[in-house]
Structures are given as C-alpha cells and as structure tokens.
Amino acid sequence: MPALGISGISGSLKAFFLASIQQRTQRPLMVITTSGENSNKWMNELLQLYPSEQIFSFPDKDPISFEVVARSLELTIQRLKVLERLPQGEFSVVVVPVRALLWRLMPLMEWQRYHRTLKEGMTLDLTAFLELLVSLGYERAEIVEAPGQFSVRGGIIDFYPLTERQPVRLELFDDEIESLRRFVPDSQRSFEALTQITVSPAREIVSSHTDGEALGKRLQQIGESVLKRLRQEGKKAAAQELEKRLESWRERLIFPGSAEGLEPLRGFLYPQAATLLDYLPANVLLILDDLSSIEAEIEEAWQELTELWHSHLEEGKLLFGPEDHLVSGNVLREQLASRQTVAFSLLPQSGFSWQLSQSMSLAGRTLPRFLRPVESIITEFNEWKKKGYLVVILVTEAEQGVHLQQTFLDYGLIAVWEPEELIRGGPIVLLRGQLSNGFELTNARLVVVTEKELFGQARRPRQRRPFSSTRGTQLEAFTELKVGDYVVHVNHGIGQYQGVEMIAIAGIQKDYLVVQYAGEDRLYVPTDQVSLLQKYIGADALAPKLNKLGGNEWQRTRARVKQSVKDIAQELIELYAAREAVPGFSFSPDNAWQKEFEAAFPYEETPDQWQSIEVIKQDMLRPRPMDRLLCGDVGYGKTEVALRAVFKAVMDSKQVAVLVPTTILAQQHYHTFQERLADYPVTVEVLSRFRTPREQKDILARTALGQIDILIGTHRLLSNDVTFRDLGLLIVDEEQRFGVTHKERLKRLRQNVDVLTLTATPIPRTLHMALAGVRDMSLIETPPEDRYPVQTYVVEYSPELVREAINRELRRGGQVYYVHNRIFDLRSVALLLQELIPEARLAIAHGQMKEDQLERIMLDFVEGEYDVLVSTSIVESGLDIPNVNTLIVEDADHLGLAQLYQLRGRVGRSNRLAYAYFTYRKDKVITEVASKRLQAIRDFTEFGSGFKIALRDLEIRGAGNILGAEQHGHMTAVGFDMYCRLLEESIQELQGESPPPPPAIPVMELPLDTYIPDEYLSDPRLKVEIYKKLAGAYTVERLEELAAEIRDRFGVLPEALENLINLTRLRLLAVKAEISNLQQLGDQLYVRFSQPIIWPTDTLARLTRRLGRHARSLSLLNNGDFRLRTQGIAPADLVAILETLLWEAANLGMNKESRGETEN
C-alpha cells in the first residue's frame, strides 16, 4: 500500500503534527523509530500531548535474555502491557523501535487462548488454576510482592499479573470464588473489590504441559541430529553444552513454569511466524520516523542478530537458527508496505522499498534559543504578530506565565492566559504545557515557544512509570527473622534464633521463639514478648560472640557501650548548643532571580528534594550558622539542592566554597555549576592539581578580592594561602573521606559560616531518629521519577555476551564500566577485551595507581576519551557519569551485596535505559557461601530481600561516617539497633527528657491455646511477623486493624489465633485498668488490680446486667479484686466475661478519690 511522505519537520513539531493527524482521523497510531533512544524521545514529547494511559512504548528485546539466570522485569512488563492492549485497540499511540518488529511472537489466536477471566461467584478448580498459573510463567512465593508471583494459603490465592498495577487476592468458599480484590504489596492489605479479573501470561512464550511429552520427544530427535553434526565436526565442548541445554528445555516442556521459560524454542513451538504488526487492529495508521534510517536499521539489525545467533549455534547454546526467532528484513518490509503509512523525513526522499503515493514538504523549523536582552525577544514576537501568526507560549508553572504576562505588558504586548478561542494575529497565548523545543510552522502561520527558547532550559517531561519502587520504605529497619539469624534480647544479650516451637504446659498450647545462647543454654521467648528481641546487625559480616544466660556479662557490655554512647551524646549536645549560640548571617528571602533559577531546573523535584530545599532555606534565613547534613544516593539530586543554597548565598553577595574529596568530582561539580549558572553574572572557578601554578595564583588573588563567587576544589582549598573576602557558605561533599588534618583546618574554615555537608552513604532511619534534635539532617530517599530502571541480569559469563553488550552501548554513543576485581591480571583482561572489541577505546583503572595518574584516566573517561573503563570495584563510589549506561561485572558471586548495589548505582544516571550484567564463571563449582550469594543477587534483581540487606550494610557504613569509626566495636558488641536505642536514651537523658517508664505488663495466665497453627500459616517467618505485629499493637483500635489484616491476608481465623488476639485485647484493657495479673488456680480465675479499688454500686449493677447468667460465677473480693469460677464456661464466653469486666474497670477511671476511701 503506497505511503504518504512528509518532509521538512523535526523535533517537537513531528509530535505536534502526529497528534493533529490522530485527532483528525480518530485512528490509533503506531510510531516506528530507528532506536530505543528515539522511542524514548518520542514518548517524552507525546506525554505532553496525551494522558499517560493512552500512549505506550514497546521496547526492543534483549538478544541475550534467553541466557540469563535472573533479570529485572521492567522491560517485560512494558512489552506484555502492549501485547494486551494492542488487539483491543485500547491505545492512542504506541511507539516501537524497528528492531522490536523483527522478533517473532506467539500467533495472536494462541496468545489469546492463554488468558482466563475470573468472575465473582464462578466455580473454580483450584488445582487446575494453580497449574494454569505455573504454565503462564508465574512463580510460587510465600508472599506476593513482585509481578509474576503467586501464593496459596488455604482458600486464598494471591497473584500479580504483570499488566496490573497491583496484585489480586482471590478468596474461595469451597470451590466458588467468594471475592476478588486488589491489595497493596507493602502492607498486604486489600483495598478495592473487583467483580472480575483477567489472568494473562507472565512471559511472551508459553505452552501448556498437556502436549509436553510429545514435544519433548520431537525436540530430542532434532537435538540428536545437531549433536551428531557437532561431534563429527570435532566440537566436543559445544556438543556437551547443547546436551545440557536440551535436557533443561525438555524439562521445561514437560514441567513448564521455570524462571526464564521457553524463549529459545519459540519457532519450534509456534512455526507460524507472527510479529507485533499481526497484533494490530486493521485501522491502525503506521508512522515511520525517518525513512532512510529505518531502512538501514532493518538491514543492520538483521545482520547483527543473525551473526550472534550463528555464533550461539556453533557453541551449542541454541538449537534453532535466527529464522526461528526473527522474521527477515524482507518479510518485515512487506508487512510494513501492506499497511497505510505516513513516512517522516527531514529532506524529501526517493528510492525507498515501497512507493510514496504522495509527498509533501512542510516549511517548519525548530526555534533557536532567543538571545538576551528582553528587547530582542520582544522584537521577534512583534514580527510574528505583524505576519498574522498565532503565537503560543508553553510554560510549566502558572507563576512563570504570570511573570511573562507582566513582562510583555511592560513592552506593550498583550498576552492572555488559556483563552477559549485562539486567534491568528491576536494576543500572545499562554498555555500550561511543555515540549522539548519550540517550532515555527510557516504554512499554518503558527509559532509555539517553550521555556527552552526563553530561559535556556526546559523542565524535562516527567514520565511516570508503574511498578517503580522508591527507597523510602526500603530504608526502614530490615527485621525479618529466619532460622540461624543472630538476635539481641534486651535483657539477655546476643543469641542465635532457632525458630518457633509449640510447647504444651498443663494442657495449654502456646508458641515460643527459641534462642540458643552460649553452651547448651536456650531461652524460650513467649510470643507476646517478641518485641524484646531484635535482629542483630553488626558493623561487619563476622558472626558475633554469643552471650551466656545468667551472669552479668551482657549487663556489663551494655553499660560499657552506654557510657561510650553517652560521651558521644554529650559531645553532640554541646556542639549543637555552641552552634546555636554563635551569631551568623541571616540571608534574604528568595528574590525574582532565585525563582527564575529554580524554575529553569530541567527535572521535576522529588518530594524529598523539595523538603530538603525548604529546610535549608529556613536554616539560611535564621541569624545563626547552618550546619546541616544532606544524605542521598548518587544521582538523587543532592547537587541541585546544594545549588539552590549556593545561588541564595551569591544573591546576597556572599562567596561560596565547595570542598570535594577528588579532582574528578571537583571537575564534575565545576561543569555542573557552570552549566546551571550560565545565564547569571556569577563567577565559578575550580582549584585543583589540573590548574597550572600560574592559574592557581590568579584564582587565589581573585578569590581574596571577592571577584570569584564560587570556588570549587579539593583539600587544596584548606591550604593557608586560600583566603576569602566574604565567605558565607561552605559545601562539603563526603566529609568522611578527608583526613584528620584536613578536618582540623575545616573546623576553622566553618566558623561563623553556613555549612551544608553532603553524603551519598544512606543513613539509617533509626539513627536519624536517635539524632533528632542534636544534628540537623535531611534525607533524600526517593529517586527521580523520570529515571529509567536499570535492567539487571544474572548470567553465565561468555565473550559473545560481553561483545554484544559493549557493542550495543557503543552503537548508541555510550560508555561502559567493566569490573574485574583483581589487580594482578587486570591488564590481561583488558587485552582480551581489546581483541574482542578492537574498535573500542579502553582504559585501565585501579586503586594502586598513583593518584594523579588515576585522576587523569578518570577525567579522560568522564570527558569521553575512552569507551570502556576496565577497573576494579573502585568505581563503586563517587562518580556520576550520565553517559555510562552499561555495567559488566566479572565473578559477581565474589562480591558483597552492598558492593553490587553500589556498582549498579553507577549506571542509569540519565534518561537512558541502563544495563547491569552480573556474570559468574561457566561450569564453575560454586561453594555453598557463593551459591547463597548468587541466590541473593537473583533476589537483588527484583529488589527483594537482597536489596534490603545491601542497604542495611550501607547504612551501617553511614552510621560510622556520622559517629566516627571508633564506634565500630561498640556497634558490634550490642548490635546496631540496640546501639541506636542506647544513643537515643542517652540524648534524651542528658536533655532532661527521659521517656516515662513503659506501663507494667500484666501477667496473663488463662486456660486458652494461643498460637498460629501450621495448617493456617506454615511459613515461620510470616508467623514471627504476625507475632511481632500483635506484640506491637498498643491500642485496641490497632489490634482490630491487625485482626482485619490477618483475616484479609490468610482467611478466617482459627480458634487458637482468635484466642491469641482476644488475649492481646484483654492485656491492653488490663493495662488501662491497672491490673497486675489474671491467674488461673484450679477452676478459679483471679483478677487482681495493682492497687485496691472501690466499685461504685451503679457500676456493679451495670456489670451484673451485662454479664447475665454468668454474673453468678463472679465474686467481688474485699480489696476490689474479682474471683471467677470457670468450670463449665466455654473459652469464648470466658473471654467475653473478662472483656466486659475490664472495660468497666478501665472506664472507671481509677481516680484517686475512688481509691482514697480504701487507702484511708
């Protein structure tokens, strides 16, 4: 079918034109781009023109994905979402890189066959449904937290479709679906009832096990012939590899549901070729973005992928060739040519693979940035007005629009805000919106101007991504207990947790947490005292020494640590008080330039950034020196927060010093500051070893005269020859990396000036709370929302994988970190890499290099002189290079989780999709420890428990940074959480704010079984979680919420658990009523108050009425206590009697007058 060719437009004008086509034709569109990068650009433009739920991106498939052991799911989720919506036409625009159209998919009819709609009230065969989930690629888990998981607890099935924003809980009554509801993964609580839900595949290639045996035999026959050929050709290693994989594939066919599924068998399972284009409704209009480039990309992609496939075939990694996974370029061209198409190009095109029915050239241009001053902008606007143009200005903030409106008015131009009618030649139109750049369309006499042309920078369009996890919740204390973990008991010290054990005493069954101490000692902790236990987190990975039960060893240790902590607390309090007493400079409120400077920030601030900015500004307005610590990971936006403070200081004619630990960071900050401050009369300089002595001398002289506003540098700034005319603000980046001498000089420099210290090491929330009131701290825990997630893979090492990963990054103009953590053979690894990718420019970096040599290499890498940096793990901290978006780590099973977390954090610092490959050696016999670590890395790709452990390890480093390395031993001695608790206590005591002692917990001895039965909840970790929550419920209202949560998550409460909740409720009421104990002696239950009490007659009468026939079993004793005869009373009735009695006692108020009569 001939295509319409349109030339002459580029940038935002294309997106604008496309939206016009869609609006006029009312047809859904598919935009086909040359690359993933261009797809992202299109998405950013379209997000400003459409609601996010109407536009979708279908990313390209990673060609190495079939080899991985584990991977993160974001790209799979995006692809599956499109596969679900496309056939129904539930979209306005879908954006696809042309490479993604080469991949074969399941035929549409087959794909739709693997969908199951569930409705409330329908009958469901549970066994068959669970088999379906497995065949669709869902993985069984104890708790459903991530897409693609399911869990079963009796008649409750939780599952998380990859195409849904939240997981779903299905509850059965016998074999009927009683309810369907969504729930929140973090809290596991239901929040929205559903009448129906469609269960869709969790991967792109699925197959049921019904025909698995026959398919397995056929596969084996094909495999045998290939094996025979490989052996005849002498490729013994390849034959062994294929044999191993054949066995794995056969198992997957017979027992589907393994992690990565059946991707290598797509052509074997579904011989009928289908691509994404076959999923499109007939009325979809194709938009080709850049004709000639798409043609070239099809050729290049087919060639690259077929080469990769053939190498895998020869190595025994695949059984089927590229034609079983991809359609040829010719087939794709035929498919494209068969549909109605609009083809964009910058210049008129001819000689394309199919005819252009019509060509039209539009006289459009992207607007350049306006030159200041304002008069030149006004002249341009007047010219457009004379020509009868419609002039539209897009602004992100209404405040900016009002400011522009006033500016235009001052020069005699009228601008109207969001008018109902747009008139050519009329007033300038101000609209809330955004595009990447402005444009002029001569044919339509239309001009659209954005903030980029007016102010030099525009805020980046913000693309909200579902399923993104934020750090806020994950930085909370990680306290999940599993058997073998070390724990700290408040009264008995460090032991090892052995699990939950049920013990029957006098016929009453209860659960206890068992803790092993030194020797043969064991402590049985009742579940209602679980809050006395904390998970032990030490300052290093070594196992702690177990305490003995009895004796005073633990009390002595605790007292020693408490004394040390008290000294720190005293020092912190004195420092804080001294700072409060010193007079400082009170900075002015924000002026117009400050607001303009902040509005020009090209990203959307995160809530944490806003909060930090506001608090820092408040500090600066106060007439005492600021001393604030700002914590946040690299790339979380600390520099921008600091820049706001810097700009504020400069606006009050104060100088700013920015102190950083390395020359590279100094250069990075210098470039960032220069770029952000380019539009303002602010002088920025950098002082480092890369400046000549003459340049340094000049900079120092100008600084002393006040001619330099901002001076950035390493410890060179702390030299005696550096003097400032009027220093007002000091920014210190990573203070813990400076030596003792530097810190002493720093103390002198920071007197009477505002100080903002930045650190990239996370600070534990527990420590943050403990230090509240003695250390001003701000935390940035949420990553910027428009950052693309890092695609993380755990994969067996292979040269082909490395070559493909590096080449892909180089093709898009990016750079690569290649981490090999052994110095002695680092050069050999670099030589092998150079042979593998001759065209790549390689550099080597490691910690034993001379400092200036290392800095020079790193600086050259930052400036793009090298493509690949082959290094040890030294790159894990400090560098923020947006152009590095591929990380390859050799022998990842040798590195700790915190290291891997830090390393992965080096990529994904831009709006470009980043890749991290954690590799392990082929056929390596892995030790048990390394195997566990590898499993943790797999969890890590899903931000599971491994991610939390990594963060916890980093937090302890952060604690050392704040409190000093000498506290390391004390943290180890009592565990991190106990250390923080002691610190908080010490600070409160020294400030005279000691918390009131906790209320006495009444002793409860009732003839009730109180435990969680295994048949109700079998996972011991979940049991402990429930016990901890019950023990932490301090109000009846919270307890009721908790009971509702347990019913929601696990189903109807069994009697023993109902008893436990009732007993907890009674304990809460008993605390209110000031009861000392409830004790069963024979068939008599005694209710004893902590003090004698007189019961008013009307209260006793009401109590008698409420208890009915059971009132006869109750006797009032002389001192106000009660005795209850329990013989013949059912457990439920016993609980009800006691609850009624305790409510009356609690409501009585326990006032002194009512006690006084007895006491006197």
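Please treat every number below as a calculation from the coordinates, not as lab data. Here the structure is a predicted model, which means the values were calculated and not measured. Counting neighbours? That spans all protein chains shown, and the Cβs are built from the backbone with ideal geometry, glycine included.
For residue 555 and residue 522, what is the calculated FRET efficiency with R₀ set at 22 Å and r taken between the beta-carbons, to the nearest 0.05?
0.65
Working out 0.36 nm times the residue gap between residue 374 and residue 1079, then minus their Cα-Cα distance, what length gain in nm do you get to one decimal?
Answer, rounded to one decimal: 245.3 nm.
Aspartates and glutamates near residue 697 by alpha-carbon distance under 14 Å, same-chain residues fewer than 8 away left out - which ones?
Of all the aspartates and glutamates, those that pass the test against residue 697 - Cα under 14 Å, at least 8 places apart if same chain - are 685, 721.
Can you compute the equivalent ellipsoid semi-axes for the stretch 518-625, i.e. the square root of 5 times each eigenvalue of the Cα gyration tensor, sorted largest first and rounded to whole Å?
49, 22, 12
Placing unit charges on C-beta atoms (Lys and Arg positive, Asp and Glu negative, everything else neutral), compute the dipole magnitude of the stretch 115-200 about its Cα centre in debye, rounded to 20.
My answer is approximately 280 debye.
Once amide H atoms are placed 1.01 Å from N in the peptide plane, what residues at a sequence separation of 5 or more from residue 288, or on another chain, have their amide H within under 5 Å of its amide H?
Correct list: 32, 342, 343, 344.
Within a 10 angstrom radius of the beta carbon, how do 287, 857 rank from fewest other beta carbons to most?
Exposure proxy ranking, most exposed first: 857, 287.
Can you tell me the orientation of helix 1055-1072 relative to the chain, as the angle in degrees between its alpha-carbon axis and the longest Cα principal axis, to the nearest 10?
On a 0 to 90 degree scale, this one is about 70.
Among 488, 525, rank each residue by its count of other Cβ atoms within 10 Å, from fewest to most, as a rough exposure measure.
Ascending number of Cβ neighbours within 10 Å: 525, 488.
Among residues other than residue 1117 whose Cβ falls under 10 Å from its Cβ, what is the net charge (Lys/Arg +1, Asp/Glu -1)?
Summing Lys and Arg as +1 and Asp and Glu as -1 gives +1.
Please sort by residue number the trypsin sites (Lys or Arg not before Pro) in the stretch 631-738 whose DSSP state is loop and whose Cβ has at most 15 other Cβ atoms within 10 Å.
Counting only loop positions with at most 15 other Cβ atoms within 10 Å, the trypsin sites (Lys or Arg not before Pro) in the stretch 631-738 are 689, 725.
Give me the lysines in straight-line cross-link reach of residue 548: C-alpha distance below 22 Å, same-chain residues under 8 apart excluded.
Excluding near neighbours in sequence, the set is 482, 535, 562.
Which net charge results for the neighbourhood of residue 290, defined as the other residues with beta-carbon distances under 10 angstrom from its beta-carbon, given Lys and Arg at +1 and Asp and Glu at -1?
-2
Enter the angle in degrees (range 0 to 90, nearest 10) between the Cα long axis of helix 36-46 and the first principal axis of the Cα atoms of the chain, meaning the one along which they spread out most.
80 degrees
May I ask you to list the residues of the stretch 124-140 whose amide nitrogen lies under 12 Å from a point 7 Å from Cα along the Cα→beta-carbon direction of residue 174?
Within reach of a label on residue 174, which here means backbone N under 12 Å from a point 7 Å along Cα→Cβ, the stretch 124-140 contributes 124.
With 10 angstrom as the radius, rank 564, 719 by how many other C-beta atoms surround their C-beta, starting from the fewest.
The most exposed by this proxy come first: 719, 564.
Could you give me D for the stretch 210-255, from Stokes-Einstein at 4 °C and 1.567 mPa s, where the hydrodynamic radius is the Kirkwood radius over C-alpha pairs? Units µm² s⁻¹, please.
The Stokes-Einstein estimate is 120 µm²/s.
Rg and Dmax of the stretch 370-455, Cα atoms, in Å?
Both quantities, over Cα of the stretch 370-455: 11.7, 32 Å.
Based on the Cα atoms of the stretch 1003-1159, what semi-axes does the equivalent ellipsoid have, where each is the square root of 5 times one gyration tensor eigenvalue, given in whole Å with the largest first?
Calculated on Cα positions only, the semi-axes equal 31, 17, 13 Å.
In the chain, what % of DSSP beta bridges are antiparallel (nearest 5)?
Restricted to the chain, the bridges split so that about 40 percent are antiparallel.
So for the pair residue 695, residue 221, with labels modelled 7 Å out along Cα→Cβ, what separation do we get in nm?
Going from the residue 695 label point to the residue 221 one covers 7.4 nm.
Going by alpha carbons, how many degrees (0 to 90, nearest 10) lie between the helix axis of 928-941 and the longest principal axis of the chain?
70 degrees
Past 19 Å, Cα to Cα, is the threshold; run 1023/1072; 385/595; 217/244; 228/317; 510/1023 against it and keep the listed order.
1023/1072; 385/595, as the Cα separations exceed 19 Å there.
Using Cα-Cα distances under 8 Å and only pairs 6 or more residues apart, what relative contact order does the chain have, in percent?
Reported as a whole number, the value is 11 percent.
In whole percent, what relative contact order does the stretch 210-255 give with Cα contacts below 8 Å and a gap of six or more residues?
61 percent
Take the Cα of residue 442, step 7 Å along the line toward its Cβ, and report every residue of the stretch 1-42 whose backbone nitrogen sits under 15 Å from that point.
Flagged as within label range: 7-10.
From the list [x] 55.8; [y] 50.2; [z] 88.2, can you say which value of mean projected area of the Cα convex hull in nm² was derived from the structure given?
Given [x] 55.8; [y] 50.2; [z] 88.2, the calculated one carries the label [x].
Calculate, for residue 406 and residue 596, the FRET efficiency according to 1/(1 + (r/R0)^6) with r their C-beta to C-beta distance and R0 22 Å; round to the nearest 0.05.
In this case the efficiency is close to 0.95.
On full extension of the chain, what length is gained from residue 125 through residue 26, given 0.36 nm per residue of separation minus the C-alpha to C-alpha distance?
31.3 nm
Principal axis extents for the stretch 146-245, Cα atoms only, whole Å, descending order, please.
63, 29, 22
Given a Förster radius of 45 Å and the C-beta distance between residue 543 and residue 1044 as r, what FRET efficiency does 1/(1 + (r/R0)^6) yield to the nearest 0.05?
Here the calculated transfer efficiency is 0.65.
Quickly work out the residue 480-to-residue 852 label distance, labels modelled 7 Å from Cα along the C-beta direction, and quote it in nm with one decimal.
5.1 nm
Considering Cα pairs under 8 angstrom that are at least six residues apart, work out the relative contact order of the stretch 370-455 and quote it in whole percent.
Value for the stretch 370-455: 35 percent.
Tell me the net charge near residue 1059. Cut-off is 11 Å between Cβ atoms, residue 1059 excluded, with +1 for each Lys or Arg and -1 for each Asp or Glu.
My count for the surroundings of residue 1059 gives -1.
Could you pull out the longest piece of the chain with no exposed loop chymotrypsin sites (Phe, Trp or Tyr not before Pro) in it, calling a site exposed if DSSP puts it outside H, G, I, E, B and it has at most 13 other Cβ atoms within 10 Å?
412-823
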